[in-house]
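Okay, so here's the structure we're looking at.
The values are calculated or read from the model by the stated rules, or taken from the named source; none is laboratory data. Predicted model, so just to flag it, every value in this text is computed and none were measured. Ideal geometry is used to build each Cβ from the backbone, glycine not excepted, and the neighbour counts take in all protein chains shown.
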Amino acid sequence: MTDTMTAEQRHRCMSHIKGSGTKPEMKVRRWLWNHGYRYRLNVRSVPGKPDIVLRAYRTAIFVNGCFWHGHNVRMRECGNALMRECVENSACCKIPSTNREFWVNKIRRNQERDQQNYNILYKNGWHVIVIWECQLTVSKIEHTMHEVEVLLEENMLALYKKHTPLPYSYDEESTLPMAAEESV
Ligand SMILES: [Zn+2]
């Protein structure tokens, strides 16, 4: 990413990429659909408006762009007089050096908002799966989505256990009348 664009230009550029049909979210949707999963999109009634909602698994999936959501970018206070954050770039999120403060603040706010949304979902009994854009390249998507599938199965199992009544009692069985075929 070059730093020749103004913040405004970059924003428009990024918005355009985000709005196109090739966005990472589409890859996830297509994979899930082709593998028999049925879902809803951008459900407003679910906190944080997740990209994909699988109600049967009580799971919300967020497909995050690495730049906007600051994948692997750790923000930490430096403790100097200005209390500016020390920020390290990550492999897939390079914060521009031009207007750096603007970008750092923007990405930090996005990270905070993401975390708040996930926390609200956890509190409401939802499972959250975050998929990163860089995990959806041609060479990685199959592996990534198989991991997602494993998580979904675990979520389903957790849900099933939660709704399972008390353990089966043999004593209870002995007091019940035996079921038999009616004699003709
Ligand atoms: Zn990434």
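Starting from the range 58-86, keep only residues that are on the phi > 0 side of the Ramachandran plot and among the hydrophobic types (A, V, I, L, M, F, W, C), then list their pairs with residues that are in a strand (DSSP E or B) and at pLDDT below 85 whose Cβ atoms are within a distance under 8 Å, requiring at least 6 positions of separation or different chains.
As it stands, the answer is Met83/Glu77, since those pairs meet every condition given.
Pull up the range 55-68, narrow it to residues that are assigned to a strand (DSSP E or B) and more than 13 Å from Gly125 (Cα to Cα), then point me to the one that is farthest from the ligand (Cβ to nearest atom).
Filtering first and then ranking leaves Ile61.
Kindly indicate whether any position in the range 103-115 is away from the ligand (no atom under 15 Å from the Cβ), among the hydrophobic types (A, V, I, L, M, F, W, C) and closer than 16 Å to Lys27 by Cα.
Within the range 103-115, the first condition is being away from the ligand (no atom under 15 Å from the Cβ), and the residues that meet it are 103-106, 108-109, 112-113, 115.
Going one step further and asking which of them are among the hydrophobic types (A, V, I, L, M, F, W, C), we end up with 103-104.
Okay, now just the ones that are also closer than 16 Å to Lys27 by Cα, so none.
The answer is no; no qualifying residue exists.
Just for helices (runs of 4 or more DSSP H) wholly inside the range 73-183: which have at least 1 residues that are modelled with pLDDT of 85 or more?
The qualifying helices (runs of 4 or more DSSP H) are 100-123, 141-163.
So which pairs qualify, if the first residue must be in the range 118-138 and small (Gly, Ala, Ser), the second must be surrounded by fewer than 19 Cβ atoms within 10 Å (Cβ to Cβ), the Cβ gap must be under 7 Å, and the two must be at least 6 apart or on different chains?
Matching pairs, first to second residue: Gly125/Arg58.
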